[in-house]
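Worksheet: the structure to be examined is printed underneath.
Each value in this text was obtained by applying a stated rule to the coordinates, not by laboratory testing. Since the model is a prediction, treat every value here as computed from it, not as a measurement. Backbone-built Cβ (ideal geometry, glycine too); neighbour counts: all protein chains shown.
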Amino acid sequence: MRPEATVVLVVVTALVLIGVLAVYSVSAVKKDDAGIFQRHLTWLCLGLVCMLTAMHVDYHRFQGRLFVGALVVGTMLLLLYVLFFGQEIRGARRWIQVGFFQFQPSELAKIAAMVFLAVKLVENQGDIKSFARGFTPPFGIAISFAALIVLQPDLGIPVIIVAMAFVMMLVAGTRLRYLAASTIPVLAAVSFLIVAYPYRWKRIIAFLDPWKDPEGAGYHLIQSLAAFARGGLWGIGPGGGTQKLQYLPDAHTDFIFAVWAEETGLIGTLLAGSLFAILLLMAVRIAMCARDLFGSLLATGIVSLICLQALLNMAVTTGWLPTKGLPLPFISYGGTATLVFFTLIGILLNIGLQAEEPQSVHALAY
């Protein structure tokens, strides 16, 4: 194993510990759902199993046509199923209820889209500069997954999947002018989806001036910013936060970063941000040292999914982006998302186990 993989393991462990502390702090005062912390530990244990399993499975097996076909078709069917029969929560159908277990197919779509993109980009490497084979197929793959998730409705994960696809295509050698031109229809589609749904437009208005509707659309952002303000430089101490006392909605999921900021201050937020930055750097190193282009593209997709979602979550909680429900990887309480993130890290570690010296690697030269 290259040293970068070891650092990744240490960084993920540190992020998980931050999450354990933050979720425990919220669960200690969340009287209406006292089992949050116990369930969080259960998901972490299941995630660890997923990570260890993925870590010891040769990532080259993901190139098999049978595996890719089963993964893509299965995920697509689940995305279609959830549209008609999924459990509706807050006006969205994103979950499949199986006993006490809630499963979110859109999270699995991240892995399916990433693997399918990596396989297709490697297969079309000889024509990667052409529009017909180097750009259109991978772009179509990303849009297909994104479109099914948008119908749930959900805009956050589709944006992450399309952004991941752009990064992977760029690394694979797709012409930059094709990617730049495609951002125009993508941004137009996102703008339409925002305007077409009144609640999304209200979030934009609240983002620009949350005090126009402090008890409505602006409430989440105001309470989140209050948590950061109260935290100051050093924070008010572990467990001492007050915003989690029914003031800050979704304190254990989408706004866990605000809870951490209030209790550990600027120092704690910089620590969390630095850990994600280190994870990004180490994953890039693993991508550069991967044995082949397929491994390099998988590593690129993995770090794009994790770090982009972390960046979006932090930007939302600090008021740099409109409110959007996305968990903070490895820190937020989660179910399917936790399993997916741990699986992605397991694949990344497996690539690191087989990595070579950078000078002998040609993956990023395409």
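Looking for whichever is touching a Gly at 6+ places or on another chain (Cβ under 8 Å) and not hydrophobic (A, V, I, L, M, F, W, C) here; the options are 178, 197. Which one fits? Of the residues listed, the single one that is touching a Gly at 6+ places or on another chain (Cβ under 8 Å) and not hydrophobic (A, V, I, L, M, F, W, C) is 178.
Once segment 85-132 is narrowed to residues that are under 23 Å from residue 66 (Cα atoms) and among the charged types (D, E, K, R), the residue that is surrounded by the fewest Cβ atoms within 10 Å (Cβ to Cβ) is 123. Among residues of segment 265-279 being under 18 Å from the mean Cα position of the chain (by Cα) and hydrophobic (A, V, I, L, M, F, W, C), the one that is surrounded by the most Cβ atoms within 10 Å (Cβ to Cβ) is 279.
Considering segment 1-116, the qualifying helices (runs of 4 or more DSSP H), each wholly inside and each with 3 or more residues that are touching a Ser or Thr at 6+ places or on another chain (Cβ under 9 Å), in contact (Cβ under 8 Å) with a residue 12 or more places away in the chain and within 18 Å of residue 350 (Cα to Cα), run over 36-55. Taking segment 177-208 as the range and being loosely packed, with under 12 Cβ neighbours inside 10 Å and either touching a helix residue (DSSP H, G or I) at 6+ places or on another chain (Cβ under 7 Å) or charged (D, E, K, R) (or both) as the test, the residues that pass are 177, 195. If a residue must be more than 17 Å from residue 268 (Cβ to Cβ), more than 12 Å from the chain's Cα centre (by Cα), of a type in the set (Ser, Thr, Tyr) and assigned to a helix (DSSP H, G or I), how many such residues does segment 299-334 contain? Selection size over segment 299-334: 1. The set of residues in segment 236-253 being under 24 Å from the mean Cα position of the chain (by Cα) and crowded, with 24+ Cβ neighbours inside 10 Å consists of 244, 248, 251, 252.
Checking each residue in segment 46-69 for being aliphatic (A, V, I, L, M) and either touching a Gly at 6+ places or on another chain (Cβ under 7 Å) or surrounded by 12 or more Cβ atoms within 10 Å (Cβ to Cβ) (or both) picks out 46, 48, 49, 51, 52, 54, 55, 57, 68.
Of all residues in segment 166-187, exactly one satisfies the criterion of being over 23 Å from the mean Cα position of the chain (by Cα) and either among the polar types (S, T, N, Q) or farther than 30 Å from residue 125 by Cβ (or both), namely 174.
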